[in-house]
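Below is one structure, written out as structure tokens; the observations come after it.
The values are calculated or read from the model by the stated rules, or taken from the named source; none is laboratory data. Since this is a predicted model, take the numbers as computed values, not measurements. Backbone-built Cβ (ideal geometry, glycine too); neighbour counts: all protein chains shown. SASA here: full protein model, heavy atoms, side chains in, ligands and nucleic acids out. Shrake-Rupley method; radii C 1.70, N 1.55, O 1.52, S 1.80 Å.
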Amino acid sequence: MKHETPLLDQLETGPWPSFVSDLKQEAEKRAKNEEGTEFQIPVDVVDDLIGVLELSYKHGCTHWKHGGIVGVFGYGGGVIGRYCDQPEMFPGVAHFHTLRVNQPAGHFYTTKYLRELCDLWDFRGSGVTNMHGSTGDIIFIGTTTKQLEEIFYEMTHKLDQDLGGSGSNLRTPSDCIGQARCEFACYDTQDLCYELTQEYQDELHRPAFPYKFKFKFDGCPNCCVASIARADLSFIGTWRDDIKIDQEVVQAYMGGEIAPNGGAHKDRDWGPFDIQKEVIDRCPTKCMWMDGKELKIDNKECTRCMHCINVMPRALRIGNDRGVTILAGAKAPILDGAQMGSLLVPFMKVEPPYDEIKEKVIEPIWDWWMEEGKNRERLGELMKRQGFQKLLEVTGFDPDPRMIQEPRSNPYVFWKEEEVPGGWSRDINEFRKQHQR
Amino acid sequence: MEYEEAKQKIVEGLQKKQKVKSKFYFNDLAKILDEKPRVAKKLINQMITDGVLEYWSSGSTSMYGLKGAGKQAGAEHEEASDKE
Ligand code: SF4
Ligand code: SF4
């Protein structure tokens, strides 16, 4: 290796697969270059990456500068400028920009497509990727300024592939695999994700928001993309009617003929399946019971937590009247602390071309946030600052008991003067008729 | 607002503050233009396309500056590599 790396070497000794080993392997592959690639950025880029990382461990601080002015023409996102502050020591990573590549919905790839992406990145970048970044994008880690337009051209013209979002943009929308593979999906997450990505190209590529904005799409409350914790707008599939029960199959689970949880927990001695302990007692709203040999659910009390369905997927199925619940304002800590999404739309049908979602939810929220949001203020923080009631006002949704976690905890609903007969003023003479001085 | 007028306002507005800072939030620009965000966005996008303004990004936040202005361009070899 080009640099001595005693500290990084230590990271390889643990029980887990190590990114250090991966980087060393890539450095070696580039040095040998058995495929005869005409590298467009320094051959030893990965060596220098390892070197600067070792130095960071030694100094206990980063050697990357903050941000930069790089991008591709017309786009204000998708490229993140990174420069090393020790370019003489590590010339291979003097410029080491990140590209965000808009991942296909649900992360469905063909191997051919993946190979093409990797070939392009070996040729014009460091070959180091992150599959996938926490937003969901494919991340290309490290290339020079000169290569950016070339990569963008190849991707858009030959691979039919766009860059993703970064900065104060709509971030690359991301979704779960949904109806493509999952029987729990209450709407077509991939179609909605794709449609909104296309519709909001301008918001994705040209930053004019106060800060980042994320959409995430989960087909059901299992929340495989964790939209409820991370997205400014979380779209979570749900249903309005009853969970479908196949009583015979319930019996088969109880009799041990079918493994609960799809057999996921069978490797330990948990004993035989106990429907009372493992399902009924764990129902968060206590709305299930056995009536003789029949499993009963009081559906109006069910919160669609998915637990019973996850345990006995062949006996219990999502209802037929399906749609989406929309929550707003989740975020990780930056200005304020972390926040989960707050329920804004209890139920909405999800039908192409999704005009209701666009016109009643997304666009009024953006208009409000773009005007009122402070610099670097996420939607969730604006909601806290101006109140949930303001969000209801700008979107036009009526307050609903389902928006309140428990009495006296979320003070969302206040009377306004125009809602009260007579307003705030009173006729003092009328008042005196019934009240002494 | 006409594009030329907007451009003049932005260039003058940013040059005035040049000594203190070279990167501005979108909201700062919209304020200089005294326009609603959507209108301001159209005008500002055009200034980016015309090379009057350029984007700066930390990865999480985006800012705008007059093209070539500010420390980073010189200090971080941007100009050199742009011309290559
Ligand atoms: S979120 Fe629900 S629908 Fe989507 S993949 Fe996960 S379990 Fe399936
Ligand atoms: S989905 Fe959850 S709340 Fe509803 S019945 Fe099943 S366990 Fe209870």
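Observations on the model:
- Some residue of segment A:44-62 being surrounded by 14 or more Cβ atoms within 10 Å (Cβ to Cβ) and within 13 Å of another protein chain (Cβ to nearest Cβ): no
- When residues in segment A:64-85 are screened for being surrounded by fewer than 20 Cβ atoms within 10 Å (Cβ to Cβ) and within 8 Å of chain B (Cβ to nearest Cβ), 3 of them pass.
- Residue in segment A:146-157 that is of a type in the set (S, T, N, Q) and within 14 Å of chain B (Cβ to nearest Cβ) present: yes
- Scan of segment A:224-235 for residues that are open to solvent by 20 Å² or more (accessible area, probe 1.4 Å) and either within 16 Å of ligand 2 (Cβ to nearest atom) or part of a strand (DSSP E or B) (or both), ordered by number: A:228
- One residue stands out in segment A:291-319 among those that are more than 10 Å from ligand 2 (Cβ to nearest atom) and out of contact with any strand residue (DSSP E or B) (no Cβ under 7 Å at 6 or more places or on another chain): the one that is nearest to the other protein chains (Cβ to nearest Cβ), namely A:313.
Per-residue answers, yes or no, for (1) touching a helix residue (DSSP H, G or I) at 6+ places or on another chain (Cβ under 8 Å); (2) outside any strand (DSSP E or B):
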| site | (1), (2) |
| --- | --- |
| A:86 | yes, yes |
| A:89 | yes, yes |
| A:92 | yes, yes |
| A:99 | yes, no |
| A:103 | no, yes |
| A:106 | yes, yes |
| A:113 | no, yes |
| A:120 | yes, yes |
| A:123 | no, yes |
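- Qualifying residue in segment A:207-219 (condition: away from ligand 1 (no atom under 13 Å from the Cβ) and assigned to a helix (DSSP H, G or I)): no
- Number of positions in segment B:28-60 that are of a type in the set (S, T, N, Q) and either buried (at least 21 other Cβ atoms within 10 Å of the Cβ) or more than 7 Å from every other protein chain (Cβ to nearest Cβ) (or both): 2
- Residue in segment A:185-201 that is assigned to a strand (DSSP E or B), more than 16 Å from ligand 2 (Cβ to nearest atom), more than 14 Å from chain B (Cβ to nearest Cβ) and within 30 Å of residue B:48 (Cβ to Cβ) present: no
- Residue within segment A:22-43 that is free of Cβ contacts under 8 Å to residues at least 60 places away in the same chain, farther than 24 Å from residue B:56 by Cα and either in contact with a Lys or Arg (Cβ under 6 Å, 6 or more places away or on another chain) or assigned by TED's automatic domain parsing to the domain that holds residue A:210 (or both) present: yes
- Scan segment A:115-136 for residues that are at pLDDT below 95 and more than 24 Å from residue A:50 (Cβ to Cβ) and the total you get is 2.
- Taking segment A:257-368 as the region of interest, the strands (runs of 3 or more DSSP E) fully inside it that hold 3 or more residues being over 30 Å from residue A:390 (Cβ atoms) are A:288-291, A:294-297.
- The single condition among (1) surrounded by 20 or more Cβ atoms within 10 Å (Cβ to Cβ); (2) closer than 30 Å to residue B:42 by Cα that residue A:142 does not meet is (2).
- On the stretch given as segment A:309-322, residues that are crowded, with 20+ Cβ neighbours inside 10 Å and within 14 Å of ligand 1 (Cβ to nearest atom) total 4.
- Test: residue in segment A:234-244 that is within 16 Å of ligand 1 (Cβ to nearest atom) and either out of contact with any strand residue (DSSP E or B) (no Cβ under 7 Å at 6 or more places or on another chain) or among the aliphatic types (A, V, I, L, M) (or both): yes
- Residue in segment A:236-257 that is farthest from residue A:343 (Cα to Cα), counting only those that are open to solvent by 10 Å² or more (accessible area, probe 1.4 Å), of a type in the set (Gly, Ala, Ser) and touching a residue at least 12 places away in the same chain (Cβ under 8 Å): A:256
- Residues that are at the interface with chain A (Cβ under 7 Å from one of its Cβ atoms) and assigned to a helix (DSSP H, G or I) were ranked within segment B:61-81; the one that is modelled with the lowest pLDDT is B:81.
- Among the numbered conditions (1) in contact (Cβ under 8 Å) with a residue 24 or more places away in the chain; (2) open to solvent by 30 Å² or more (accessible area, probe 1.4 Å); (3) out of contact with any helix residue (DSSP H, G or I) (no Cβ under 8 Å at 6 or more places or on another chain); (4) among the hydrophobic types (A, V, I, L, M, F, W, C), the only one that residue A:16 does not meet is (1).
- Among the residues making up segment A:35-63, those that are of a type in the set (D, E, K, R) and closer than 18 Å to residue A:1 by Cβ are A:44, A:47, A:48, A:54, A:58.
- Segment A:372-437 holds helices (runs of 4 or more DSSP H) entirely within its bounds, and those carrying 1 or more residues that are among the β-branched types (Val, Ile, Thr) and open to solvent by less than 90 Å² (accessible area, probe 1.4 Å) map to A:388-395, A:428-434.
- Hey, residue A:161 assigned to a helix (DSSP H, G or I), polar (S, T, N, Q) and under 23 Å from residue A:109 (Cα atoms) or not: no
- Qualifying positions in segment A:1-26 - of a type outside the set (Ser, Thr, Tyr) and part of a loop (DSSP other than H, G, I, E, B): A:1, A:2, A:3, A:4, A:12, A:14, A:15, A:16, A:17
- Matching residues in segment B:10-27 - criterion: being farther than 21 Å from residue A:206 by Cα and either away from chain A (no Cβ under 14 Å) or open to solvent by less than 40 Å² (accessible area, probe 1.4 Å) (or both): B:12, B:13, B:15, B:16, B:17, B:18, B:19, B:20
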